[in-house]
1. Taking only segment 53-103 into account, find how many residues are in a strand (DSSP E or B) and either over 25 Å from N9 (Cβ atoms) or more than 24 Å from the chain's Cα centre (by Cα) (or both).
2. Can you tell me which residues in segment 362-413 are modelled with pLDDT under 95, touching a Phe, Trp or Tyr at 6+ places or on another chain (Cβ under 6 Å) and not in a loop (DSSP other than H, G, I, E, B)?
3. Are any residues in segment 386-420 farther than 22 Å from G258 by Cβ, among the aliphatic types (A, V, I, L, M) and crowded, with 22+ Cβ neighbours inside 10 Å, and if so, which ones?
4. Can you find a residue in segment 4-14 that is polar (S, T, N, Q) and either out of contact with any Gly (no Cβ under 6 Å at 6 or more places or on another chain) or part of a loop (DSSP other than H, G, I, E, B) (or both)?
5. Residue under question is K122, and the condition is that it be closer than 30 Å to P28 by Cβ and buried (at least 17 other Cβ atoms within 10 Å of the Cβ); does it hold?
6. Just to confirm my filter: which strands (runs of 3 or more DSSP E) fall fully inside segment 250-361 and include at least 2 residues that are aromatic (F, W, Y) and either touching a strand residue (DSSP E or B) at 6+ places or on another chain (Cβ under 6 Å) or modelled with pLDDT of 95 or more (or both)?
7. Among the listed residues I392, I419, identify the single one that is in contact (Cβ under 8 Å) with a residue 40 or more places away in the chain, within 23 Å of N292 (Cβ to Cβ) and touching a helix residue (DSSP H, G or I) at 6+ places or on another chain (Cβ under 9 Å).
8. What tally of residues in segment 49-74 results from selecting those that are aliphatic (A, V, I, L, M) and surrounded by fewer than 16 Cβ atoms within 10 Å (Cβ to Cβ)?
Amino acid sequence: MNNEIVANNLSIEINGKRILNDVSFKIPSGYVVGVVGSTGSGKSTLLKAVTGLIPYLYKRFKVYGDIRIYGYSPIDALSNGLIAYVPQDPYSFFIGSTAREEASILDIDISSLDIGNMDVDKDLYKLSDGQLYRLLLYIAIAKGSKIVVLDEPTSHIDWWSIEDIFKLIKSFAYENNVTVFIADHRIELLKRFSDYIIYLDDVEDRCIVNEVLDINREDEEIAVLKNIKFFYNDNEILKDVSIAIRRGESIAIVGKNGSGKTTLLKILIGVLKGHGYRYVGKDVSFFMVPQNPIYWLPGETVYSVIKSFLEMFRSRESIDSISSLFNLDKDLDKNVYSLSIGKIRMLSIALAYISNADIVVFDEPTLGLDCRYKKLVARIIRILIEKGSSVIIATHDRDFAKIFKSVYSIDGGVLKKGIE
């Protein structure tokens, strides 16, 4: 069997638009391959072509050129169990309802997976994105695939764990002669751990966001949580958490996967009910962008979604002004389900901007975004603050969190000031 992955002049287009153009490479087995490019450059498209999902599942895509996986076509390699794919959206690839059930379906011993203290009998939809991604990663390794394809792993896995996981991936590739493709925006990390890098366009190696969000606003407390506890199956997720939100304040909450960041956000906006004291000022409005915003977007096209929100919130903004501000000008006619994760993120942040809510909450706002878009998100948050909104984010992006006025860490269910 040929032990190389070869692409010759691979080009992919949809609806007449070229996504990839004449990409060629030859990768020996056992290599870790980084795939680098800006938001919307086609990284996920390339990975889906390697795995055979394009064009055999995503049939509207047209593929030109040739790609061979160990001498097979991608779809034949996938059918023969050579390929394991871990997507950007971890919710879309599970069959079982719990980690234990998922492993059982795949005939994998759950105790053999290095998944930390994850509750293997907890409903998958109640696990954090990071926990789900880690589970998918270790299942892919356990299946014995010869090609493992990872899309944006650092967006889902906390910085306490990511270095160890990259070391594991590299040693796993070498010891088992497995080729690993990793598409990610953490270019400095990819350079350290990759044997070969595929550049789809020019991007910055190191992202430095200099936006200043430490703006002096009113000292009015518009929402307060005090001594909040939250339990799941007798496990205490949050322990006596207290936090006050002042008008025009910027707050970042960081913590390991499953530490309770999203739970805290949902208690703040009233989606979950914790034990303790919760105060929200009179007529204070909330708007939350979840980690997976695509599942609640109204309408089919970007244009229709923006139009719907402008009408809903009686905004004086225009579709043109919003699409220009958020770099969505060329996407207005696209179906939202055809957008990259990064573009969906920008659209969802645009909707939060339109809402003009008193408290705007983002769960992982930089997921899937390159440096240019991270800087844009920081600028949008500054505009929101200047208009009087309070902005609270939960994030794994430590560098992005540092630009916020107040930064909190959750560890062991306890909320503390600062980054640990």
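1. 12
2. Across segment 362-413, the qualifying residue is only R398.
3. If the condition is that a residue be farther than 22 Å from G258 by Cβ, among the aliphatic types (A, V, I, L, M) and crowded, with 22+ Cβ neighbours inside 10 Å, then V391 is the only one that fits.
4. no
5. Numbers: closer than 30 Å to P28 by Cβ: no; buried (at least 17 other Cβ atoms within 10 Å of the Cβ): yes.
No.
6. So the answer is 275-280, 286-289.
7. Selected residue: I392, the only one of I392, I419 that is in contact (Cβ under 8 Å) with a residue 40 or more places away in the chain, within 23 Å of N292 (Cβ to Cβ) and touching a helix residue (DSSP H, G or I) at 6+ places or on another chain (Cβ under 9 Å).
8. Taking segment 49-74 first, the residues aliphatic (A, V, I, L, M) are 49-50, 53-54, 57, 63, 67, 69.
Among the residues that remain, those that are also surrounded by fewer than 16 Cβ atoms within 10 Å (Cβ to Cβ) are: 57.
Number of matching residues: 1.
The values are calculated or read from the model by the stated rules, or taken from the named source; none is laboratory data. Because the structure is predicted, anything quoted here is derived from the model rather than measured. Here Cβ is always computed from backbone atoms with ideal geometry, including for glycine, and neighbour counts include all displayed protein chains.
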